[in-house]
1. Modelled with pLDDT of 95 or more, charged (D, E, K, R), out of contact with any Phe, Trp or Tyr (no Cβ under 7 Å at 6 or more places or on another chain) and within 16 Å of residue 344 (Cβ to Cβ): does that describe residue 308?
2. Return the total of residues in the range 187-215 being closer than 13 Å to residue 236 by Cβ, surrounded by fewer than 18 Cβ atoms within 10 Å (Cβ to Cβ) and touching a residue at least 12 places away in the same chain (Cβ under 8 Å).
3. Please tell me if residue 158 is closer than 27 Å to residue 7 by Cα, touching a residue at least 12 places away in the same chain (Cβ under 8 Å) and not in a loop (DSSP other than H, G, I, E, B).
4. Against the definition (more than 18 Å from the chain's Cα centre (by Cα), outside the structural domain of residue 129 (by TED's automatic domain parsing) and either surrounded by fewer than 20 Cβ atoms within 10 Å (Cβ to Cβ) or of a type in the set (A, V, I, L, M, F, W, C) (or both)), how does residue 177 come out, yes or no?
5. Do the conditions hold for residue 30, that is, is it without any contact (Cβ under 8 Å) to a residue 12 or more places away in the chain, outside the structural domain of residue 142 (by TED's automatic domain parsing) and over 30 Å from residue 118 (Cα atoms)?
6. When you scan the range 51-70, do you find a residue that is over 27 Å from the mean Cα position of the chain (by Cα) and touching a residue at least 40 places away in the same chain (Cβ under 8 Å), even just one?
7. Can you name the residue in the range 86-134 that is in a helix (DSSP H, G or I) and among the acidic types (Asp, Glu) and, of all such residues, is farthest from residue 165 (Cα to Cα)?
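The values are calculated or read from the model by the stated rules, or taken from the named source; none is laboratory data. Note that the structure is predicted; figures quoted are calculated from it, not measured. Quick reminder, even Gly has a Cβ in these numbers, built from the backbone with ideal geometry, and neighbours come from all protein chains shown.
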Amino acid sequence: MPVRRLPSKPDLHHLKHQAKDLLRDHAAHSQEAAQRLREFNPRFRGASDSEIFNADFKLSEAQFTIARESGFPSWARLKQHLERPTLPNRLELPHHERIEDAAFREAVNLLDAGNTAGLRAFLQKHPQLTQQRVVFEGGNYFRNPTLLEFIAENPIRHGKLPENIVEIAKVILDASRSPEARNETLMLVATGSVARESGMQRPLIDLLCDYGADPNSAAHAAALHGEMEALNALIDRRAKIDLPVAAALGRVEDARRLLASEHENLPSPGRERALRGKNNEDRHLALSLAADFGHMEIVRLLLDAGEDPNRYNPVGGHSHTTPLHQAAAKGHDEVVQLLVERGARTDLKDILWHGTPADWAHHEGKLETEALLRQHAATNGRPRKIAIHE
C-alpha cells in the first residue's frame, strides 16, 4: 500500500486526531483498520482480523502506526520532521538532492553522468561508499538505499539512464560485496519504467544475476507492477514459477498443478502447518494478481480452493484494495461477474480513497463495468447473475 504522503503544510494536531480515529476504528472492529495495522504495524504483520481486534491497542501504538503510514519509522521521527525538517526529508526534492554526505552525493553525480572512469577512481579513493547507506523518510520504498540502488532510476529522479548504465553498474558491483544490495537493486530494476523504456531492464537484470542476485527476490514485485518483460527475464534466469507468478502470467495448467500439489505428499505436522501458511499467502497474492490481469479461470480455481474474495489484498500486493476493485478498474467484466457471484461485496471501500469497486471502474472510464456493479448494488447484493453486454 502506498504511504499517505503528508500535505504541503502538515499539522501535528490533525495527525493526532487520525491516531484517535484509528484507535476508535480498531475498537469498532473495522476491517479497514485491521488491514492498515497489518501493513504498517510490525506487531500485526500476518495477523488475522480477529487476532488484531482481540489485541490490546493503545493511543501510543496508534500514533506509531500513523507515523509509519506516513513513511516515518516512529511518531518521534514524524514529530521531528514537522518541527525541524532536515535535508533528507525535503520530500519535494529528488532523492539525489537530499543526500547530506558530500562523498556519497558526488558518487551519485558521477553515476548519473555516466562517468565510468571517474566513478571507478572515486570508489577506489572512498571504498566505504559501496557499503554505505543513506536514509530517506516519507516514502514507502527506497528508504535506506546503497549506491548500487541508484542505477535503477526507481524512484524516478531524471527520467532517463546513462547509455552506459550497465558499465556503471559493473564498476559498483566490482567494488561491492553485498548480496542484499544486489537483490534490492534487482527488484528496483525489474519494477522500474525508466529501465524498461530505455531498453536497459533486461541487460541490468542479467548483469545483477550474473553477480549473484536472486531472481526469485524480484519476481513477485515485477508481477505486481505488470512488468511482464522483466518477469519473463527473471524466469529465464531461473526464477521459480510459483502460484502468484503463474496467476500473473495466466498459466492455468501451472496454477492447477500447484494448487493440486498442496494436497499431495504433505510433510510432518510441524512442517505441514508452515507449508500451509506459505500456501495461504501464495493463494492470497495469486487471487489479487489473477483478478488484476483478468485471468478468469485462475480466479475460479482459487475461489474453488477456498480463497475469500472479500479479504483486502495482501501486504505488498495492492493491499488497499480487494480483488473486485482491481478487476473493476481494469474492466475485466467476466472476472467481476464471477467474483460477485461468489459473494464479493460491492460496497467495500478501498483504504486510501474510500471508493467502491464501481467508483474505481468509473474513475478508469470502465462505464459498462460500473453499470454491472451499480446494477448489483441496486438489488441490495442479493445473489443473482448480472448481465454482461456484448
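1. Here the answer is yes, as residue 308 does meet what is asked.
2. Matching residues across the range 187-215 total 2.
3. Here the answer is no, as residue 158 does not meet what is asked.
4. So residue 177 does not fit the description; no.
5. Criteria met by residue 30.
6. Looking through the range 51-70, at least one residue is over 27 Å from the mean Cα position of the chain (by Cα) and touching a residue at least 40 places away in the same chain (Cβ under 8 Å).
7. Among those residues, the one meeting the criterion is 97.
Every residue, every condition in (1) within 21 Å of residue 307 (Cβ to Cβ); (2) at pLDDT below 95; (3) in a loop (DSSP other than H, G, I, E, B); (4) in the same structural domain as residue 328 (by TED's automatic domain parsing), yes or no:
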| position | (1), (2), (3), (4) |
| --- | --- |
| 344 | yes, no, yes, yes |
| 358 | no, no, no, yes |
| 361 | no, no, no, yes |
| 368 | no, no, no, yes |
| 383 | yes, yes, yes, no |
| 386 | yes, yes, yes, no |
| 390 | no, yes, yes, no |
